[in-house]
Amino acid sequence: MLPSILSDLSRPAARLERVQRIRTLSRVLACLCSGISIVLAAGLMAYWIVSADETIHLDARLPGIAVHPIGWDLRLASMAISALPLACLIWGLRRARRCFETFAEGRFFTLENIHRLRDFAIAVFASTLLKPLAGAALSILLSWQTYATGKTLIVNFGSDSLLALLFAGLIAVIAWVMAEATAIADENAQFI
């Protein structure tokens, strides 16, 4: 696969094909960013509205048996806490969507796109860090309101979180390198 990509770089006619592939894939990815944002927001609301108390307690990894049901006030508070990391992620997906839309227009190395990629990386990083904090707050809130034995604090930071942080760092470095390349290209253009 790599040799065919490298040989394509040397053919002038292949550039138009590559640009068209980039533009087509970027349109698809822009739509996916919007669709994923909608599905995640709807899924969060549906989870807190329709899930049974037992399901919520199991998902929160709370031990024991609840003595009080999860009321609507607690569900809404829990939804608000859960929405914080999701809001960061959705903001990042909106920035990525706009970046892909600009790619689909054939504009690749612009400062706006670089900033959008950087913002996406920041959003993924912030969402990843907020997720265990939100989970800890949820465990305290749910155990305090529903268990007779008191509060339980549960913090969950797994390999998926580490991979998300690595991904965010990777995108941030790519945006940084793109900014440097754009600055060098602008500097070289002044000599011509």
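The values are calculated or read from the model by the stated rules, or taken from the named source; none is laboratory data. Since this is a predicted model, take the numbers as computed values, not measurements. No Cβ is skipped: glycine too gets one built from the backbone with ideal geometry, and neighbour counts run over all protein chains shown. To get the accessible areas, we keep the full protein, side chains included, count just its heavy atoms, and leave off ligands, DNA and RNA. Shrake-Rupley method; radii C 1.70, N 1.55, O 1.52, S 1.80 Å.
Points to keep in mind about this one:
- C-alpha long axis of helix 159-191 to longest principal axis of the chain, angle in °: 30 degrees
- Once the Cα atoms are used to define both axes, helix 111-146 deviates from the longest principal axis of the chain by about 10 degrees.
- Radius of gyration over Kirkwood radius for the chain, both on Cα atoms: the Rg/Rh ratio is 1.14.
- For the chain, the share of accessible area belonging to carbon and sulfur comes to 71 percent (1.4 Å probe, ligands and nucleic acids excluded).
- Normalised alpha carbon radius of gyration of region 43-127 [divisor 2.2 N^0.38 Å]: 1.57
- When you filter the GluC sites (Glu not before Pro) in region 51-160 for DSSP loop state and at most 12 other Cβ atoms inside 10 Å of their Cβ, you are left with Glu105.
- Across the chain, C-alpha contacts under 8 Å between residues 6 or more apart give a mean separation that, scaled by the residue count, equals a relative contact order of 24 percent.
- Candidates Val50, Val155, Val39: whichever shows maximal mean-square fluctuation once the chain is modelled as a Gaussian network with Cα springs under 10 Å: Val50
- A 1.4 Å probe run over region 13-116, with the rest of the protein chains in place, finds 60 Å² accessible per residue.
- Against the chain, whose longest principal axis is taken from its Cα atoms, helix 72-104 shows a tilt of about 10°.
- For Trp91, the solvent-accessible surface with a 1.4 Å probe is about 120 Å², rounded to the nearest 10.
- Within a Gaussian network of the chain (alpha carbon springs, distance under 10 Å), most fluctuating of Ala87, Ala42, Ala134: Ala42
- The mean of 1/r over all distinct Cα pairs in region 18-90, once inverted, gives the Kirkwood hydrodynamic radius of 14.7 Å.
- Ile154 versus Leu40: modelled label distance in nm, points set 7 Å from Cα along the beta carbon direction: 2.2 nm
- Considering only Asp160, Asp119, Asp53, the Gaussian network model of the chain with Cα springs below 10 Å gives its largest mean-square fluctuation to Asp160.
- Distance from the C-alpha centroid of region 173-192 to that of region 78-100: 30 Å, rounded to the whole angstrom.
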